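> After the structure tokens below, expect a handful of questions from me.
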Amino acid sequence: MTSPATSPVNELVTRTREGVDALRDSLLASFQEPERIAYLAAGELSIWSRLFGWEKPAAVAISATMPPLAGTVARHDASPVLLAGLAGGWVGDLAKLRKPDHTPVMGMFGIAAQHAAYSAKLYDRGARPSPARVGLRAAAWATGLGLATWRKKSLIAPSALAGVFVAATSTLADDRSLQDGTTVRQGLGHGGNLLLVAEGIALLRETVLTGDSLGHRALDAGMRASHVIGNMLLVDGLTRE
């Protein structure tokens with residue numbers, strides 16, 4: 001039998017509390033780091049712009065979100081791998097501003113590069129996959145690939161290639177062995193999962209949930225919020241001590 005101390009409910013409560021603590025510390029960094037203020041401001045504007053359908057402000061805000069996050073890396077770690085990965089993520093964000101009538105090659109490789117960098121850093125820190133975590137992400141990846149094949153063939157290659165790396169980030173970031181007692185590490189798993197959710201919503205919006213109602217725009221806002229928070233938690237967990 002599962003003991004009360006290790007029950008799924010207690011584990012869920014513990015993980016949620018850890019995520020909240022990590023998010024709080026990431027937000028509090030804005031009091032000492034101007035680049036964090038810039039990141040949060042651009043990120044918040046992108047969320048509200050998506051909710052209200054403001055296309056031009058959304059484009060400006062999305063374009064301005066990733067560069068300040070690179071400032072966090074430069075301040076705390078200056079890892080060439082992470083900086084290159086964030087540059088790839090920025091290219092991916094810019095590519096998503098256009099409707100993918102043809103295969104978005106630059107966006108595909110940009111997102112793949114970003115998550116390859118995240119995965120490499122996570123692996124270097126000792127993260128390893130487990131059958132259970134791989135199985136869950138493989139199911140999500142296969143579902144996404146099936147949606148792209150069914151509804152939008154221009155997204156088959158991005159779903160197959162970039163999707164593998166996004167799933168790898170989520171799998172490795174969720175390795176509990178990464179926890180070393182510091183609050184920032186507690187956000188790694190949440191960050192990886194939020195980025196997986198963000199890419200999943202993006203695919204749904206391009207395949208089956210293609211409307212422009214308030215509900216659809218709320219999904220867009222949720223996607224941006226997951227993207228902004230997920231990247232912040234991952235970068236902080238990988239660079240801060």
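Bear in mind that the values in this text are calculations on the coordinates, not laboratory data. Remember, it's a predicted structure, so these values are computed and weren't measured experimentally. Quick reminder, even Gly has a Cβ in these numbers, built from the backbone with ideal geometry, and neighbours come from all protein chains shown.
> For region 47-63, take each phi angle, set θ = phi - 60°, evaluate the Karplus expression 6.51 cos²θ - 1.76 cosθ + 1.60, and give the result in whole Hz per residue in order, putting x for glycine and proline.
For region 47-63, the Karplus-derived couplings read 5, 5, 5, 5, 5, 9, x, 8, 5, 5, x, 5, 4, 5, 5, 5, 5 Hz, x marking Gly and Pro.
> Something else now. Let me understand the chain better: what is its radius of gyration from the alpha carbons, and its Dmax, in angstrom?
17.3, 56
> With springs only between Cα atoms under 10 Å apart, run a GNM on the chain and tell me which of 131, 158, 57 wobbles the most.
Its mean-square fluctuation being the largest, the pick is 131.
> What shape does region 133-241 have by the C-alpha gyration tensor, where a ≥ b ≥ c are the square roots of the eigenvalues, rounded means a/c under 1.5, and otherwise prolate means a/b greater than b/c and oblate the rest?
Values: a/c = 2.98, a/b = 1.60, b/c = 1.86.
Oblate, since a/c reaches 1.5 and b/c is not below a/b.
> So, in the chain, how many Lys pairs have Cα atoms under 18 Å apart, if the pair is 8 or more places apart or on different chains? Don't skip to the end; give the middle numbers.
Numbers: 56/96; 56/99; 96/152; 96/153; 99/152; 99/153.
Going through the chain pair by pair, I get 6.
> Another question, if that's okay. Restricted to Cα positions, what overall size does region 2-72 have along the principal axes? Three whole-Å values, descending.
53, 31, 16
> Rounded to the nearest 20 Debye, what is the dipole magnitude of region 15-239 about its Cα centre when Lys and Arg each give +1 and Asp and Glu each give -1 at the C-beta?
Working: 23 positive and 19 negative charges, 104 e Å.
Around 500 debye, computed over region 15-239.
> OK, next. Looking at 102, 20, 9, which one has the Cα that reaches farthest to the positive end of the dipole of the chain (charges on Cβ: Lys, Arg +1; Asp, Glu -1)?
Result: 102.
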